[in-house]
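Worksheet: the structure to be examined is printed underneath.
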Amino acid sequence: MTPIGVLVSGRGSNLAALIDRTRLPACPFDIACVVSDNPAAGALTLARDAGIPAFVHEKLPGMKKREYEREIVERLRAHGVRVVALAGFMRILGETLLSAFPGRVLNIHPSLLPAFPGLHAQEQAHAAGVRYAGCTVHLVDAGTDTGPILDQACFRIPEGLTAQDLSLRILEHEHRLYPQALARFCRHELALVDGRVRSWSPLAPLRPVWEAFSATHFAREAPAAPVPGRPRVAVSACLCGFPCRYDGDGRFLPRLIDGLAQVDVFPVCPEVLAGLGVPRPRIQFENETEAAPEQAPVIRDEHGVEVTAGLLAAADRIAGWCVEREVRVAFLKENSPSCGTLRVPCRGRRVPGPGPLATRLMKAGVRVFTEENFDAGLLTLGTSFIPSPEPWEQTPSREPGKDENSL
Ligand code: GRF
């Protein structure tokens, strides 16, 4: 569960849509607090009625932007906020706020950006006579509505629509788009990679595992207790649907998940725990603190290879959870820098032998398998695996020329 802070200035209809989303099952975020720069904002009442802590931070005359934003940052941090959502917050954010939540401030804008940034976007669109309108959820940068676009919703404008009706139509789309985009962002399905927004959606069979994975690991919480009486299996997140793996060369995930249908899957991923939620292990590994990578604390693992202290602490923590939950078998990604049996350190040479997590699990009596020998792991669990045909094997082969002659 990602705690979000919502910044508002006005009536708060987008805030209301976000609150509604938190009441649906499997919402990956909750609203930790609401901050308004306007004491008369209707959004404050909405928040308080929903039992959400709500605060007013007015920018008093003579107050420096830096000081003002520092107050807000302190408030958000005091409530454990990890992601900030602007919902009609009528201020341009400065360096203090943006650097406190790097790449984690979202905004909703009532136009199809980059068209019509700034104030009165709906009126601008109406006056321009555009045929399509919509709204945009984007990451916030130092400019005005210029940050990377996460998602958009768009519709054709009916003939003769007034500017006021156009605003209402756009708002309806905002109320659907913002909660959805925020949920996807918190599940790390939308992420900024090398300056571009990448969108990823798990396959349907992977969805429950992915949900469990993000609900626990991105929020740095212990995974939920497994169902009593079912075999317990730990699966490294890279194998159970983590984007880095999914985009990679080996596509073992759907097979693995099919095979594990009868067991309680317990997703684990030390890279994510060690990092700060950036969905790429290599980046997380090196950026495990907000300090420069070279300043991250480095210690040696059992093979004498340098790894970050946070990563080893994460492996300890996961192994502890597995023992507490009586996990019997673990499937770990073989070439992971941290968990697999053949360690590929980010700094230094490839070292044969069990990685830190595998070592800890084996010491605790957990049988460890990798993607290469997971069939043996399934046998150990007494669960069978029937490979489903690849999609191209299901497609009836087309005889050349047949279709053309069929009429
Ligand atoms: C919305 O139109 C949003 O796109 C813009 O400010 C307005 C806020 O409306 N950023 P509300 O306070 O959420 O009703």
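Since every read-out is calculated from the coordinates, none of them should be taken as a lab result. Just so we're clear, the structure is a prediction, and the values are computed from it rather than from any experiment. Positions of Cβ are generated from backbone atoms using ideal geometry, with glycine treated the same way; all protein chains shown enter the neighbour counts.
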For segment 137-144, just list the computed ³J(HN,Hα) in residue order, Karplus coefficients 6.51, -1.76 and 1.60, θ = phi - 60°, integers in Hz, with x standing in for Gly and Pro.
9, 9, 6, 8, 10, 6, x, 9
If we count other beta carbons within 10 Å of each Cβ, what is the order of I72, I157, I92, fewest first?
I92, I157, I72
Taking H placed 1.01 Å from N in the peptide plane, check which residues at least 5 places from V56 or on another chain put their amide H under 5 Å from its amide H.
S36
Which ³J(HN,Hα) values, rounded to whole Hz and listed in residue order, are derived for segment 186-192 from phi using the Karplus coefficients 6.51, -1.76 and 1.60 in 6.51 cos²θ - 1.76 cosθ + 1.60 with θ = phi - 60°, glycine and proline given as x?
5, 8, 6, 8, 10, 8, 8
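Between beta-carbons, use under 9 Å as the cut-off and find the net charge around P179, counting Lys and Arg +1, Asp and Glu -1.
Numbers: positive: R21, R176; negative: D20.
Combined, the nearby Lys, Arg, Asp and Glu give +1.
In percent, what relative contact order does segment 1-150 have, based on Cα pairs under 8 Å that are 6 or more apart in sequence? Show your work: numbers first, answer last.
On the way: 278 pairs, mean separation 32.8, N = 150.
Averaging sequence separation for qualifying contacts and normalising by length gives 22 percent for segment 1-150.
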Counting only residues 5 or more places away or on other chains, whose amide H sits under 5 Å from the amide H of I157 once H atoms are built in the peptide plane?
Y132, A133
Ellipsoid semi-axes in whole angstrom, largest first, where each is sqrt(5λ) of the Cα gyration tensor of segment 2-196:
26, 19, 18
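Can you pull out the GluC sites (Glu not before Pro) in segment 22-127 that DSSP calls coil and that have at most 12 other Cβ atoms within 10 Å?
Working: sites: E58, E67, E69, E71, E74, E95, E123; in loops: E58.
For GluC sites (Glu not before Pro) across segment 22-127 that sit outside H, G, I, E and B with at most 12 neighbouring Cβ atoms in 10 Å, the list reads E58.
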In Å and from the alpha-carbon atoms only, list the Rg and Dmax of segment 85-209.
15.5, 48
Quick query: amide H of D151 versus all other amide H atoms, modeled in the peptide plane; which residues come in under 5 Å with a sequence gap of 5 or more or a different chain?
V137
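FRET efficiency for V323 and A26, Cβ-Cβ distance as r, R0 = 41 Å, nearest 0.05?
Once rounded, the FRET efficiency stands at 0.90.
So if we plug the beta-carbon distance of Q180 and D49 into 1/(1 + (r/R0)^6) with R0 = 30 Å, what FRET efficiency do we get, rounded to 0.05?
Details: r = 23 Å, r/R0 = 0.78.
So, using R0 = 30 Å, E works out to roughly 0.80.
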Take R23, R328 and order them by how many other Cβ atoms sit within 10 Å, fewest up front.
R23, R328
